[in-house]
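To start, the structure under review is shown below, and the notes come after it.
Read-outs: derived from the displayed coordinates by stated rules, not from any lab. These figures come from a predicted structure and were not determined experimentally. We place every Cβ from the backbone using ideal geometry, glycine too, and count neighbours over all the protein chains shown.
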């Protein structure tokens, strides 16, 4: 009697992604869906840090803490990232100055969304990659015009109606920090 060979399932690479709000969490869920369609052996651990956004320094500290807790329970991450808006930078320069050193020490990649998550989403859309609205309100207006059905906090299935592999490549071309996450996932080749 011959034994059938068992199919070997590759171990999924774990990547931590701290999310400022539910919109970012939905975006990471979309990236997970896209990774599955490409059969990438990756698990994106999307952790909601604080609903509604907040102070960037506090969010970075919380991301470092949550990543450490999860690593103790489930093993090391291959990458650590955080998606956060830059609209609150400059309010407290002393606090802002601590963000990058703390993130670097913890191996946490900062993905600054200028000015907000909706502005980052806008740069995924055809013909909008170079658009950089100067405020959250302008970003919401621009995204609503380019994507009339968009609503804040949309789930991955709805985001997938407009954001595909081509869209993330478009955004990665103008967002170096986002490209770092997408490279770690396996969507794009290292530069």
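The figures follow:
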| quantity | calculated |
| --- | --- |
| For the chain: relative contact order, % (alpha-carbon pairs under 8 angstrom, 6 or more apart) | 23 |
| The chain: calculated mean residue ellipticity at 222 nm from DSSP helix runs of at least 4, using -39500 (n - 2.57) | -14500 deg cm²/dmol |
| Distance (nanometres) between label positions extended 7 Å along Cα→Cβ at residue 191 and residue 37 | 2.5 |
| Residue-span extension gain [residue 97 to residue 4] - 0.36 nm each, minus C-alpha spacing | 27.6 nm |
| With eigenvalues of the C-alpha gyration tensor scaled by 5 and rooted, the range 111-191, Å | 21, 15, 11 |
| Difference of contour (0.36 nm per residue) and Cα-Cα distance, residue 137 to residue 74 | 18.7 nm |
| Using alpha carbons only: equivalent-ellipsoid semi-axes of the range 1-72, gyration tensor based, whole Å | 34, 15, 7 |
| Highest-fluctuation residue, 138, 181, 108 considered, GNM on the chain with Cα pairs under 10 Å | 138 |
| Separation of alpha-carbon centers, the range 35-72 and the range 101-141, rounded to whole Å | 17 |
| Among 85, 61, 45, residue whose mean-square fluctuation peaks in a GNM of the chain (springs only between Cα atoms under 10 Å) | 61 |
| The range 39-141 shape via C-alpha gyration tensor axes, a/c threshold 1.5 | oblate |
| Span per principal axis, largest first, for the Cα atoms of the range 18-60 (Å) | 36, 16, 10 |
| Crossing angle, helix 22-37 versus the chain [Cα axis fit, 0-90 degrees, rounded to tens] | 30 |
| Distance between the range 1-33 and the range 147-163 - C-alpha centres, whole angstrom | 21 |
